[in-house]
1. Here's a check for you: in region 111-137, which residue that is aliphatic (A, V, I, L, M) and outside any loop (DSSP other than H, G, I, E, B) is farthest from Y69 (Cα to Cα)?
2. Taking into account only those residues within region 68-79 that are assigned to a helix (DSSP H, G or I) and open to solvent by 30 Å² or more (accessible area, probe 1.4 Å), which is nearest to S43 (Cα to Cα)?
3. Taking the condition of being more than 11 Å from L135 (Cβ to Cβ) and either within 18 Å of the chain's Cα centre (by Cα) or among the β-branched types (V, I, T) (or both), how many residues in region 38-51 meet it?
4. Take A123 and decide whether it is under 21 Å from S41 (Cβ atoms), at pLDDT 90 or above and either surrounded by 14 or more Cβ atoms within 10 Å (Cβ to Cβ) or not β-branched (V, I, T) (or both).
5. If you go through region 80-110, how many residues are surrounded by 12 or more Cβ atoms within 10 Å (Cβ to Cβ) and not in a helix (DSSP H, G or I)?
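The values are calculated or read from the model by the stated rules, or taken from the named source; none is laboratory data. None of the values given here were measured: they were computed from a predicted structure. Reconstructed Cβ throughout: ideal geometry from the backbone, glycine too, with neighbour counts over all protein chains shown. Note: areas computed on protein heavy atoms with side chains; ligands, DNA, RNA excluded. Shrake-Rupley method; radii C 1.70, N 1.55, O 1.52, S 1.80 Å.
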Amino acid sequence: MTSKIQNTKQVSGISLDYLVSSGLDKRESQIKDLPLKVYLSDSQEKKVEEYCKVFGVSVRTMLNSCINYIIFLADKKGIEVKDLQYYPKRLGTNCHDLILNTETVTKLRNSGVNELEEAGKYAIAGIKVLYEKNLDVRSKTSK
């Protein structure tokens, strides 16, 4: 004799747990496949272009890396990303669609980001800090 619970867990031979997990997996993939709006200024766009040229990466890879780095930096400093001095107060006007990779989505969720739109600001903060630490090279002045 089977109980009601066992009967409700089976739908046409497929377990309810499987259906629920499949639905969650589908939701996860839709989130990462939806474009995230990133608003850059002209100078930020130039930094992105330079970064991509120097490191030989795509804009998508670069912006995902910026988000991952800014999460790493905030975690190491023991503060929230929005408390970093690099976090933007204003956004640019040039809109770019960014598809987040799975690793970035996971890191955002693990860091407590509930609204993925916030990740656009993380990307901008990452652009600033990575540029200043890696590409803002000053030429040596002659004496």
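1. Start the filter on region 111-137 by keeping residues that are aliphatic (A, V, I, L, M), which leaves 113, 116, 119, 123-125, 127, 129-130, 135, 137.
After this cut, where a residue has to be outside any loop (DSSP other than H, G, I, E, B) as well, the list is 119, 123-125, 127, 129-130, 135.
On the way: A119: 12, A123: 9, I124: 11, A125: 9, I127: 9, V129: 9, L130: 8, L135: 15 Å.
Once the filter is applied, the top-ranked residue is L135.
2. The initial filter retains those residues of region 68-79 that are assigned to a helix (DSSP H, G or I), namely 68-77.
If we keep only those that are open to solvent by 30 Å² or more (accessible area, probe 1.4 Å) too, we end up with 69, 72, 75-77.
On the way: Y69: 20, F72: 24, D75: 27, K76: 28, K77: 27 Å.
Looking at the filtered set, the residue picked out is Y69.
3. Qualifying residue count, region 38-51: 5.
4. Values: under 21 Å from S41 (Cβ atoms): yes; at pLDDT 90 or above: yes; either surrounded by 14 or more Cβ atoms within 10 Å (Cβ to Cβ) or not β-branched (V, I, T) (or both): yes.
The answer is yes for A123.
5. 14
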